[in-house]
Amino acid sequence: MLSQCEVDMIRQEVSTWTPQPTIYDYGVFPGQLISMQHFHDWQPGDVVDKIIGSKLHDLLGDFRVIECVYQELHRPWDIHCDFDRGTADAKPWYTAIVPLHACPSSTVIFKQRMDYNDFSRFKQSNAKAEQPVDQDFWQQHLDFCWPEDREWLTVDHVSQSWSPGSLLLFPRDRIHSSDNFHKRIHEPKQFIQILVDHV
Ligand SMILES: [Fe+2]
């Protein structure tokens, strides 16, 4: 989607954004750095809007940006949704991910959906999946997740290995996860994530 020149311009832009460490005292990596998140206040006509926003507009038409963040992901995000950001009059639509480097890692998107973010809540209120994730697939890609989660999920899509300037787009109610890249790659995954609402 983006040329190498455009990726370089985005890299230059995100280097001016302020990093914020994300560490939880719960979950699969308690006390460990998950991500350095560089949140950006989206402004119409700024560099990110001109380069990425314009291309999203070609695909989606009009949208409202709810969140724009550059992430250096040190450990995978566990199974979750990007549905709720606590905004008023929310109309969650798509998550857009644009990798900024080549990285032999994928994002796993499941068939199941939820209109909140927390997968533990999903397990409490839904039956197990009729076609749970294959054991071998789970061990190969998702072995950092809680083992029992496998039984509630069905794989829908595994993204291409990340390449710079590509685009991964999926509805914000779709449950998804990073793969276990941290076991193989000794640098953080670097990407822009943009959450959009319907206007
Ligand atoms: Fe996500």
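Going residue by residue through the stretch 68-77, is there one that turns out to be at pLDDT 95 or above, basic (Lys, Arg) and surrounded by fewer than 18 Cβ atoms within 10 Å (Cβ to Cβ)? Taking every residue of the stretch 68-77 in turn, none turns out to be at pLDDT 95 or above, basic (Lys, Arg) and surrounded by fewer than 18 Cβ atoms within 10 Å (Cβ to Cβ). Inside the stretch 85-103, residues that are surrounded by fewer than 22 Cβ atoms within 10 Å (Cβ to Cβ), under 23 Å from residue 18 (Cα atoms) and within 14 Å of the ligand (Cβ to nearest atom) make up a count of 2. Are any of the residues in the stretch 14-31 in contact (Cβ under 8 Å) with a residue 24 or more places away in the chain, in contact with a Gly (Cβ under 6 Å, 6 or more places away or on another chain) and either under 27 Å from residue 183 (Cα atoms) or not basic (Lys, Arg) (or both)? Scanning the stretch 14-31 turns up no residue that is in contact (Cβ under 8 Å) with a residue 24 or more places away in the chain, in contact with a Gly (Cβ under 6 Å, 6 or more places away or on another chain) and either under 27 Å from residue 183 (Cα atoms) or not basic (Lys, Arg) (or both). Checking 56, 60 one by one, the residue that is surrounded by fewer than 18 Cβ atoms within 10 Å (Cβ to Cβ) and either touching a helix residue (DSSP H, G or I) at 6+ places or on another chain (Cβ under 7 Å) or touching a residue at least 40 places away in the same chain (Cβ under 8 Å) (or both) is 60 and no other.
Just for the stretch 145-178: of the residues that are out of contact with any helix residue (DSSP H, G or I) (no Cβ under 7 Å at 6 or more places or on another chain) and among the small types (Gly, Ala, Ser), which one is surrounded by the most Cβ atoms within 10 Å (Cβ to Cβ)? Ranking the candidates gives 178 first. Restricting to the stretch 104-138, and then to whatever is of a type in the set (S, T, N, Q) and under 25 Å from residue 184 (Cβ atoms), can you tell me which residue is surrounded by the most Cβ atoms within 10 Å (Cβ to Cβ)? Checking each candidate, the answer is 107.
The values are calculated or read from the model by the stated rules, or taken from the named source; none is laboratory data. For clarity, every value in this text was computed on a predicted model and none was experimentally measured. As a convention, Cβ positions derive from the backbone with ideal geometry for all residues, glycine included, and neighbour counts pool all protein chains shown.
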